[in-house]
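Taking it in order: structure first as structure tokens, then the write-up.
Read-outs throughout are calculated quantities, based only on the coordinates presented, and are distinct from any laboratory measurement. These figures come from a predicted structure and were not determined experimentally. We place every Cβ from the backbone using ideal geometry, glycine too, and count neighbours over all the protein chains shown.
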Amino acid sequence: MPKSQLAHDLLKISEDLVASAKPRQANLKRAISTAYYALFHCLSESCANHFIGKKKNGRAAWRQTYRALQHGFAKKACDSVNDSKQRKILEKFPDEIQDFALQFYNMQIKRHEADYDPYSRYRKSQVLADISATREVIRAFEAAPTSDRRAFAALVLFQRRD
């Protein structure tokens, strides 16, 4: 599958937001939020591509699948930190998928703090490290085997019936 152009563009925007020598806190917060959305859109596109196929094969169905990804549900599916059951499930995936899941989980927490906590403060170096880590997990995720990305798409989209 081709790389998610939107995800890579969002990462570039994140970098642009912190490019000045002393970026404003608002820019740092927006950069964190935008980096999270790079992960989210990368995953949304992966879900749609793996379940529907290329956009031209069914735009309405592709868009519906793309939009089906829910932030909270996906975060819970990616939680290998607090949920031992999810950890066992995620450990079955290759490192590229596990690393993506962990970054998705962590960046969603950071996005909520950046977007909703007016007292949160960030350092440029910290934000740049988050952007760099996000870029790396997206690159690795996009190179992961199709079968693993498809299985991960099912994990983040569909409720398990044990």
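Rounded to the nearest 10 degrees, the inclination of helix 5-17 to the longest alpha-carbon principal axis of the chain is 10 degrees.
Is there a pair in K76/K110; K22/K75; K75/K110; K12/K92; K88/K124; K54/K110 whose C-alpha atoms are over 23 Å apart, and which pairs would that be?
On the way: K76/K110 15 Å; K22/K75 32 Å; K75/K110 12 Å; K12/K92 32 Å; K88/K124 35 Å; K54/K110 32 Å.
Over 23 Å apart, Cα to Cα: K22/K75; K12/K92; K88/K124; K54/K110.
Taking K and R as +1 and D and E as -1, what net charge do the other residues with C-beta under 10 Å from the C-beta of A38 add up to?
Numbers: positive: K12, R135; negative: D9.
For residues surrounding A38, the net value is +1.
I need the calculated FRET efficiency for the pair K88 and Q5, taking r as the beta carbon distance and R₀ as 35 Å, to the nearest 0.05. Don't skip to the answer; put the middle values down first.
Numbers: r = 34 Å, r/R0 = 0.98.
E(calc), rounded to 0.05, equals 0.55.
Taking only C-alpha pairs under 8 Å that are 6+ residues apart, what is the relative contact order of region 4-89 in percent? If you can, show how the numbers build up before the last one.
Numbers: 67 pairs, mean separation 19.0, N = 86.
Across region 4-89, relative contact order equals 22 percent.
Note on region 16-69 and region 79-123: Cα centroid distance 16 Å, given to the nearest whole angstrom.
Can you tell me, using C-alpha contacts under 8 Å and at least 6 residues apart, the relative contact order of the chain as a whole percent? Mind dumping the intermediate values first?
Numbers: 183 pairs, mean separation 53.3, N = 162.
Dividing the mean separation by the residue count of the chain yields 33 percent.
Using the alpha-carbon atoms, what tilt in degrees (0 to 90, nearest 10) does helix 124-143 show relative to the longest principal axis of the chain? Between helix and principal axis, roughly 20 degrees. Helix 25-51 axis versus longest C-alpha principal axis of the chain: approximately 10°, rounded to the nearest ten.
Using bins of 5 Å that start at zero, the share of Cα-Cα pairs per bin across the chain amounts to 1, 9, 18, 21, 19, 14, 10, 5, 2, 0, 0, in whole %. What does the charge add up to near V137, with Lys and Arg as +1, Asp and Glu as -1, over the other residues with Cβ less than 9 Å from its Cβ? Spelling it out: positives minus negatives among the neighbours equals -1.
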